[in-house]
Amino acid sequence: MTGYGRGETDHNGTKFSVELNSVNRKQSDIVINLPRDLVALEPQIRQTINENISRGRTNVVVSYHNGPSGPRKLALDTELARSYHEAMRALQRDLNAPGEITIGSILQAPGVMRAPEETIDSNAAWPAIERALRAALTELIKMREREGKHLAKDLIRRLKAMRKQIKEIRGLHPEVVKKYRAALLERIHKAALPISTDDERLVKEISFFADRADVSEELTRVESHLAQGRESHDGAARVARRRIRLWRRRLWLWSRGTSRR
């Protein structure tokens with residue numbers, strides 16, 4: 001089933017975001033997109049998802065950025081600034097150009113001041129990412145549950161409609177033989193053939209057609225398939241309810257353990 005979930009957490013001024021989306025697939029297939037600094041967390045993320053989702057293709061996108069309270073320091077390349085200053089002075093002497101070389105003009109030179117590269121400790125970030133991941137899983141599973149309930153209702157409605165149609169077909173079958181007999185007699189009458197209604201050949205033809213047109217076995221087989229389908233649905237629903245209760249229990253225990261820490 002399809003679904004989407006998103007979770008966000010904050011850790012020391014850094015905001016982590018986890019987005020999940022899933023589509024139908026018989027087996028479990030997890031595709032994880034992580035920033036370079038968090039690649040080491042892929043096994044933990046995969047294990048957490050496998051504990052909660054057993055089927056479907058699940059796409060995972062983890063991202064982070066520093067918020068207002070995160071690191072705000074700029075990196076200053078002093079050696080590069082000194083090189084710019086010396087080059088500017090040399091150019092000014094060569095051109096005999098007037099003007100003042102200010103600190104502002106040096107700081108505006110490319111590469112002198114730049115934002116520091118954001119690096120993060122994956123192990124220290126894992127508890128926050130795990131919270132965001134489980135929040136996203138909660139949304140995803142709820143959405144899948146809602147879709148599953150709608151699909152189950154539609155399936156049951158179709159099963160009922162098929163049972164009704166099978167019942168109607170059973171009632172129509174005797175009429176099919178009668179209509180064939182009447183049509184056959186009409187053709188014989190129009191052809192002016194000297195055959196009576198109790199002629200042995202006519203009786204055999206009608207009996208042969210009735211045997212070929214008998215779909216009782218097929219209808220019984222279809223009814224059996226429908227009954228098994230309903231039993232499979234009910235059994236799957238019971239298993240799904242048990243899994244949901246187990247998943248909620250795990251989530252509750254995990255949240256209690258997290259809050260105590």
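The table that follows gives values for the structure above.
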item: Aspartates and glutamates whose Cα lies under 15 Å from that of Lys15, excluding same-chain neighbours fewer than 8 positions away; result: Asp37, Glu118, Asp121, Glu130
item: Zone of Arg114's modelled label, taken as backbone nitrogen in segment 23-65 under 18 Å from a point 7 Å along Cα→Cβ; result: 36-37
item: Environment charge at Arg25 (Cβ cut-off 11 Å; Lys +1, Arg +1, Asp -1, Glu -1); result: +2
item: For Asn123, net neighbour charge (Lys/Arg +1, Asp/Glu -1) across residues whose Cβ lies under 13 Å away; result: -3
item: Simple label model, 7 Å out from Cα along Cβ direction - Leu159 to Leu91, nm; result: 8.1
item: Extended-chain gain in nm, criterion 0.36 nm per residue less alpha-carbon gap, Asn59 and Arg230; result: 58.4 nm
item: Probe 1.4 Å, all protein chains present, accessible-area order of His150, His65, largest first; result: His150, His65
item: Burial order of peptide ranges 222-232, 132-142 (average beta-carbon count within 10 Å, highest first); result: 132-142, 222-232
item: Residues of type lysines that Lys190 reaches as a straight line, Cα spacing below 19 Å, ignoring anything fewer than 8 places off in the same chain; result: Lys178, Lys179
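The values are calculated or read from the model by the stated rules, or taken from the named source; none is laboratory data. A quick note: this is a predicted structure, and the numbers were derived from the prediction, not measured. Here the Cβ is made from the backbone with ideal geometry for all residues, glycine too, and neighbour counts use every protein chain on show. Ligands, DNA and RNA are stripped out before the accessible areas are found, and what is left, the full protein with its side chains, is counted by its heavy atoms. Shrake-Rupley method; radii C 1.70, N 1.55, O 1.52, S 1.80 Å.
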